[in-house]
Amino acid sequence: MGREFVGIFDEWIDSYDDSVSGKDEEYREVFAGYDDILQQVADRSQGLTVEFGVGTGNLTEKLLQKKLDVVGVEPNAAMRARTQTRFPDLSVVDGDFNHFPLPEKPIDTLVSTYAFHHLTDEEKAQAVNQYAKILSPNGQVVFADTMFENDEARQKQWEKVKKQGFNNLLEDLKREFYTTKQIMQKLFEDAGFLISFSQLNDYVWLIHGKKQA
Ligand SMILES: C[S@@+](CC[C@H](N)C(=O)[O-])C[C@H]1O[C@@H](n2cnc3c(N)ncnc32)[C@H](O)[C@@H]1O
């Protein structure tokens with residue numbers, strides 16, 4: 001469930017950090033301000049923090065710099081090994097947004113960057129409902145990911161990317177489950193979160209859900 005795109009990262013792992021630093025022209029706008037996007041997520045994180053989809057460990061590094069207690073969750077074995085080698089003392093476990101071993105202590109923050117779009121909207125709702133149950137009383141979700149203001153904005157972005165001739169990016173945007181702000185808002189509110197959004201570049205939004213007492 002939600003793991004159908006995990007294999008893509010076996011091929012992307014060695015060039016992933018080049019992509020996020022802007023060397024891949026097609027993804028330059030997607031990753032514009034990457035370091036600041038990750039920092040904004042880390043700045044809001046506190047307490048026991050579980051990170052989904054750690055990839056090569058770039059957000060993980062910022063969480064560890066804050067001296068947070070971090071558990072990494074990653075379904076791709078190669079990415080897991082990469083991050084484990086980078087941070088030998090970190091606990092990096094096999095899991096995904098919907099299935100992961102629960103730490104013994106209550107979770108204060110759930111974080112993720114550039115990964116939640118791997119889930120269908122139905123899977124996203126299931127995940128967020130689970131988060132409302134397992135988070136500590138003042139717990140929070142802080143995700144940054146590509147989404148669109150509405151269906152029209154998504155269509156316009158597809159057309160722009162097509163004109164740019166960025167065929168790989170266009171295929172990605174159509175293949176995976178990049179949702180709208182309206183849908184994201186509803187699924188967090190239905191699960192009992194107070195939700196706020198801020199747009200960080202042409203693609204990426206910060207999604208901040210606070211669990212309601
Ligand atoms: C685009 S990378 C993002 C890596 C890192 N978070 C970053 O911001 O650079 C997406 C990561 O999500 C992982 N992933 C794919 N499907 C997932 C799922 N269902 N649950 C959790 N992580 C998933 C991939 O294996 C990959 O490591």
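Each value in this text was obtained by applying a stated rule to the coordinates, not by laboratory testing. Remember, predicted model here, so these are calculated numbers, not experimental data. Neighbour counts are summed over all protein chains in view; Cβ atoms, including those assigned to glycine, are modelled from backbone coordinates with ideal geometry.
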Residue list for the range 98-109, filter: more than 15 Å from the ligand (Cβ to nearest atom) and without any contact (Cβ under 8 Å) to a residue 12 or more places away in the chain: 104
Identity of the residue in the range 105-127, of a type in the set (Ser, Thr, Tyr) and in a strand (DSSP E or B), that ends up surrounded by the most Cβ atoms within 10 Å (Cβ to Cβ): 113
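If only one of 100, 9 is outside any helix (DSSP H, G or I) and among the aromatic types (Phe, Trp, Tyr), which one is it?
100
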Residues (among the β-branched types (Val, Ile, Thr) and out of contact with any strand residue (DSSP E or B) (no Cβ under 7 Å at 6 or more places or on another chain)) located in the range 12-51: 13, 20
Scanning for something under 14 Å from the mean Cα position of the chain (by Cα) and either within 16 Å of the ligand (Cβ to nearest atom) or charged (D, E, K, R) (or both), does the range 127-136 turn up at least one residue? yes
Considering only residues that are surrounded by fewer than 20 Cβ atoms within 10 Å (Cβ to Cβ), in contact (Cβ under 8 Å) with a residue 40 or more places away in the chain and of a type in the set (A, V, I, L, M), which ones fall in the range 185-213? 200, 206, 213
Return only the number of the condition from (1) out of contact with any strand residue (DSSP E or B) (no Cβ under 7 Å at 6 or more places or on another chain); (2) assigned to a loop (DSSP other than H, G, I, E, B); (3) more than 10 Å from the ligand (Cβ to nearest atom); (4) farther than 21 Å from residue 210 by Cα that residue 55 does not satisfy. (3)
Residue list for the range 162-184, filter: free of Cβ contacts under 8 Å to residues at least 40 places away in the same chain, surrounded by 14 or more Cβ atoms within 10 Å (Cβ to Cβ) and over 20 Å from residue 122 (Cβ atoms): 170, 172
Condition first: over 20 Å from residue 199 (Cα atoms), in contact (Cβ under 8 Å) with a residue 40 or more places away in the chain and of a type in the set (Val, Ile, Thr). Now tell me which residues in the range 28-65 satisfy that. 49, 50, 56
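Each row is one residue, and each column tells you yes or no for (1) among the aromatic types (Phe, Trp, Tyr); (2) in contact with a Phe, Trp or Tyr (Cβ under 6 Å, 6 or more places away or on another chain); (3) not in a helix (DSSP H, G or I).
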position	(1), (2), (3)
19	no, yes, no
23	no, no, yes
41	no, no, no
46	no, no, yes
Test residue 25 against the stated conditions and say whether it is in contact (Cβ under 8 Å) with a residue 12 or more places away in the chain, over 27 Å from residue 121 (Cα atoms) and more than 9 Å from the ligand (Cβ to nearest atom). yes
Checked the range 85-97 for anything within 15 Å of the ligand (Cβ to nearest atom) and part of a loop (DSSP other than H, G, I, E, B); matches are 87, 90, 94, 95, 96, 97
